[in-house]
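Below is one structure, written out as structure tokens; comments come after it.
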Amino acid sequence: MNVSHLVRQAQKGNKEALLQLIMADQDAYYRLAYTYMGNEHDAMDAMEDMIVTLYEKIDQLQKGEAFYSWSKTILVNRCRTLLRKKGRFFPLEDEQDLSLAAFTDDNPYRHTESELNMQVLLSHLNAQQREAIELRYVHDLPYQTIADMTGAPLGTIKSRISQGILKLKAMIGGDRYGDDRGEITGV
Amino acid sequence: METIEEKLQEYKQQTVNQMHAPSELEGRLRDALQRVPAKKRSMNKTVAWIASAVAALILMVGAYEYPALAYYFNINLNTLSFAEVVEQGYGQSVDKSITLQDGTVVTIQGVIADDNVFRMYYTIDRPAGIAFTDDDFRRYGFENLRGFLTNSDSLRGGGGPGKTKSQFVGDHDFKPVSPFARTLTVTFTEWLDNGKKLSYPITFNFEANKAMKSIIKEDLSESIAVDKGTIHYDYITASPTSTIVKGHYELEEYPRFSGETKLYVNGTEVGRSGAGGHNPDFQLQFAAFPTDNIHSIDLVLENFEGYHKINEPISLASPSDRSIKIGDEKLWIRSVTKTETGYDIVIARNQFTFLEKDNLSIQAGGHVIPVSSISEERPWDLKNGNIMWEQTYSFNTTDKPEFLLVNGYQYIKKYNKKISIPVDNKK
């Protein structure tokens, strides 16, 4: 698939070309939206909004090869806006708020022991660290894209990730993990 | 011992990577795109059309009217910049600016109004030397437009680079405003890096006498019967910027596909630009009428959601990659395989043909066994340019399946039904 060619087509107003670009990576978009929104319905709504924005704004995309990071940034922005509207996303006001809505109890993708562990571990990070780590390690996004998505400087993102990783390491490092969470949360 | 990176990797594999986009995603996205008005062509200055002096013929009824300018044909308002709109003698200048905290200046240049849209032309100038970036475009936005009897939602917006790297020139459409409004307030918003949003109201006078009249604005009482009910067409407004047909569905549920409806004026198709709606209402949007000299207006429902009832059991005796024609569509019973818990049946179909899941069952050994699980859909490439979609249907039975029992399927059905809108062309 020639991304640049499809982007040019989309810039000329070809809706199918735009749809083709998205569908080629549909799972990645969906997973990203789901991580934020926490349910299929809201994830799909966010993606609908995203594709409309992409269509309206694709003229401004100068490098075709940047399409995927650009469009995912728009998706994340949209998710954050929707969450703000629902009052569920306050990464700045309340650092301890477990605001990434993903993986709630009705999430069908949560079954095994080890992922629950990871879930518990991640829940001990603050919202910003957790978001950055999920974007980096779960969604495989580059640092710069994460910075664009979250509106934070690149250096801040790097430090959030490294501090988050350190915190996670501290948690699995010792035998304290499991029955002594309260102490570690304060790190 | 596992490192945290490995644990994260494992977590990713076991949770997020198990998630797949729902099968209806593509349809949802396509429909969303269809609702967006088609892109304006680039603002090419070679709009060499000369406005002829043929006065627009105005056929109007309605509760209220814009005092209104008559509209002259041969120009396409949707391709013009505001300066060009003014050159043609339309639109209202506003020329109001606000300055944001960082020195960025937002200017409302002017507006045009008709029965279908309120369009605002604007520029955003970043401080000298600072380029306007994609990120700026995401940070800035317009929210609703308010005024007397007016609370118009934002519909769409777009634009492109201006004279310098610092400038963005755009236009933004809102729902139409009341002709009784004398001042209007639009809210410009800016997201700051710290996640806060600032709102800046911009108020300006609205001169309703500069709004443009519609070519046609009338109630309809037409309907088309479809498999699961009726589509009613209630209203048409052909304004200088676009044509909108409104209606409502009388269906068991809001249709999965909005289908394809075409509009013909004097036998010539008028381009479609979008569709949308909220249950049970729908709205179809088309380009502006090409002329005011109207002899006929036809709406043709080319396709729409259909339902085919299946009365006969479908034999499972000889699965193969050869299709079975049922109604207008084809199904493929690709395989019937014994598993540890029963039988798996793989059925393929066109992408937009959906077997009804309620009561889906098989007949095996004299019993009727309901389906126990249905897999995600997967593409099946026929290698002849066609890609079908297949799913595995599992049944808990030790008996060999004989027949598939299914109520019917939903699909995109060709209707090709035409309704003609009466034209009162005698002034």
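The values are calculated or read from the model by the stated rules, or taken from the named source; none is laboratory data. Remember, it's a predicted structure, so these values are computed and weren't measured experimentally. In this analysis, Cβ positions are derived from the backbone assuming ideal geometry, glycine residues included, and neighbour counts consider all displayed protein chains.
General observations
- Residues that are at pLDDT 90 or above, touching a Phe, Trp or Tyr at 6+ places or on another chain (Cβ under 7 Å) and surrounded by 18 or more Cβ atoms within 10 Å (Cβ to Cβ) within the stretch B:199-223 comprise B:202, B:220, listed in sequence order.
- Being at pLDDT 80 or above, surrounded by fewer than 14 Cβ atoms within 10 Å (Cβ to Cβ) and touching a helix residue (DSSP H, G or I) at 6+ places or on another chain (Cβ under 8 Å) is a property that does not hold for residue B:26.
- Filtered residue count, the stretch B:375-397, keeping only those that are surrounded by 13 or more Cβ atoms within 10 Å (Cβ to Cβ) and polar (S, T, N, Q): 5
- Residue match in the stretch B:247-257 (condition: at positive phi and surrounded by 16 or more Cβ atoms within 10 Å (Cβ to Cβ)): no
- Some residue of the stretch B:408-423 being assigned to a strand (DSSP E or B), without any contact (Cβ under 8 Å) to a residue 60 or more places away in the chain and surrounded by fewer than 16 Cβ atoms within 10 Å (Cβ to Cβ): no
- Selection within the stretch B:123-162 - out of contact with any Ser or Thr (no Cβ under 9 Å at 6 or more places or on another chain) and surrounded by fewer than 16 Cβ atoms within 10 Å (Cβ to Cβ): B:133, B:151, B:153, B:161
- Annotation note: of B:230, B:237, B:241, the sole residue that is in a strand (DSSP E or B) and within 28 Å of residue B:149 (Cβ to Cβ) is B:237.
- All strands (runs of 3 or more DSSP E) inside the stretch B:114-189 with 2 or more residues being at pLDDT below 90 and at negative phi: B:140-147, B:150-152, B:154-161, B:167-174
- With respect to (1) at pLDDT below 85; (2) more than 14 Å from chain A (Cβ to nearest Cβ), the lone exception for residue B:7 is condition (2).
- Residue within the stretch B:246-253 that is in contact with a Ser or Thr (Cβ under 6 Å, 6 or more places away or on another chain), in a strand (DSSP E or B) and under 26 Å from residue A:15 (Cβ atoms) present: no
- Residue match in the stretch A:22-31 (condition: assigned to a helix (DSSP H, G or I), in contact with a helix residue (DSSP H, G or I) (Cβ under 7 Å, 6 or more places away or on another chain) and more than 9 Å from chain B (Cβ to nearest Cβ)): no
- Boolean, residue B:2 is under 21 Å from the mean Cα position of the chain (by Cα), of a type in the set (Asp, Glu) and modelled with pLDDT of 50 or more: no
- Selected residue (criterion: nearest to residue B:34 (Cα to Cα)) from residues of the stretch A:36-69 that are among the polar types (S, T, N, Q) and more than 7 Å from every other protein chain (Cβ to nearest Cβ): A:53
- Residue match in the stretch B:261-275 (condition: part of a loop (DSSP other than H, G, I, E, B), of a type outside the set (Phe, Trp, Tyr) and more than 16 Å from the chain's Cα centre (by Cα)): yes
- For the stretch A:93-143, residues that are of a type in the set (D, E, K, R) and at pLDDT below 80 total 9.
- Output for the stretch B:287-301, where each listed residue is over 12 Å from residue B:243 (Cβ atoms) and of a type in the set (A, V, I, L, M, F, W, C): B:300, B:301
- Annotation for the stretch B:328-336: at least one member residue is within 31 Å of the chain's Cα centre (by Cα) and surrounded by fewer than 17 Cβ atoms within 10 Å (Cβ to Cβ).
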